[in-house]
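Values in this text are rule-based calculations from the coordinates and carry no lab data. Just so it is clear, the structure is predicted and the values come from calculations on it, not from any experiment. All Cβ positions, even for glycine, are placed from backbone atoms using ideal geometry, and neighbour counts span all protein chains on display.
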Amino acid sequence: MVLEDGLKLVLAMALGGLVGLEREITNRPAGFRTHTLVCMGSALVMITSQYIFKTYHNLVNLDPARLGAQVISGIGFLGAGTILKDDARVRGLTTAASLWVVACIGLAVGAGLYQISIFAALLVYVALILLKRIEALFRRNAGTVVIELDISNTPGQIAKVTEHLGKLKVNIRDIKIQPSDEQWIQAKFYVRLPHNLTYQSLLAELDTLDGIMTSKDDD
């Protein structure tokens with residue numbers, strides 16, 4: 001039984017890490033280690049719950065799902081810490097949802113539902129990757145364009161770009177930055193243009209800013 005419980009924790013660690021790996025690659029607030037710990041901790045809670053039930057069910061009336069239910073509700077506090085509000089944008093909802101899902105996967109592993117746990121983890125991983133591409137397609141169809149910029153890696157450069165876009169009445173939907181220690185960093189701005197501004201004219205405007213280089217490829 002001890003060996004089986006240990007294998008449960010290893011499996012939960014692997015499945016949680018699978019989901020967290022995608023979050024880590026995309027530089028989200030909760031990444032590989034966080035998802036791994038949440039899933040493994042959830043499995044441990046379910047293992048403990050089953051042990052308590054088997055040991056004391058003849059003495060008192062116990063519900064083996066009670067501890068697991070506390071995990072599902074309690075994970076909301078951790079998920080809330082990954083949600084960030086920036087002006088009119090809210091970010092981190094997907095990461096919060098993935099934390100909740102890996103907690104549920106951990107509970108399933110702890111309960112011994114190995115096949116469905118593995119299948120669920122694979123579905124979550126596919127959803128995080130595939131659905132992101134579908135969202136990008138919908139954004140493009142909804143009039144959102146992507147601006148790729150090379151920005152000087154100095155303080156205040158991102159703010160300079162967003163301030164200039166605000167003056168041009170450009171609606172910023174999302175910003176993705178590739179972290180780097182190099183002199184230049186890459187950034188993608190997902191924006192919606194006003195009717196009086198074209199994509200090429202926006203690039204020309206951004207080219208006038210110091211420390212900013214735009215890509216002329218609009219594919």
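Quick notes on this one:
- Dipole magnitude for the chain: about 660 debye, using +1 per Lys or Arg Cβ and -1 per Asp or Glu Cβ, origin at the Cα centre.
- Among N171, N153, N61: highest mean-square fluctuation, GNM of the chain, C-alpha pairs under 10 Å: N61
- Near-label residues of the range 117-132 by backbone N, under 17 Å of a point 7 Å along Cα→Cβ of L21: 118-130
- Cα gyration tensor, the range 6-68 - rounded (a/c under 1.5), prolate or oblate: prolate
- Listed from fewest to most Cβ neighbours within 10 Å, the set H35, H164, H195, H57 follows the order H195, H57, H164, H35.
- For the residues P179, P155, P64, a GNM of the chain with alpha-carbon springs under 10 Å puts the largest fluctuation on P155.
- Here T162 and K132 are evaluated by their C-beta separation; at R0 = 22 Å the FRET efficiency comes out at 0.45.
- GNM flexibility winner over the chain from L44, L59, L67 (Cα, springs under 10 Å): L59
- Histogram of C-alpha separations across the range 143-214, 10 Å bin width, %: 19, 59, 20, 2
- Distance distribution P(r), the chain, all Cα-Cα pairs, bin width 10 angstrom from 0: 8, 26, 25, 18, 13, 7, 3, 0 percent.
- For the chain, the relative contact order works out to 17 percent when only alpha carbon pairs closer than 8 Å and six or more residues apart are counted.
- Calculated FRET value between T154 and D174, using beta carbons and R₀ = 22 Å, to 0.05: 0.45
- With a Förster radius of 35 Å applied to the beta-carbon distance between L59 and A14, the computed FRET efficiency rounds to 0.45.
- Each of T95, S73, V109 was scored by the projection of its Cα onto the charge dipole of the chain, and the greatest displacement toward the positive side belongs to S73; charges sit on the C-beta of Lys, Arg, Asp and Glu.
- Average Cα contact separation per residue, the range 2-84, under 8 Å, 6 or more apart, as relative contact order %: 24
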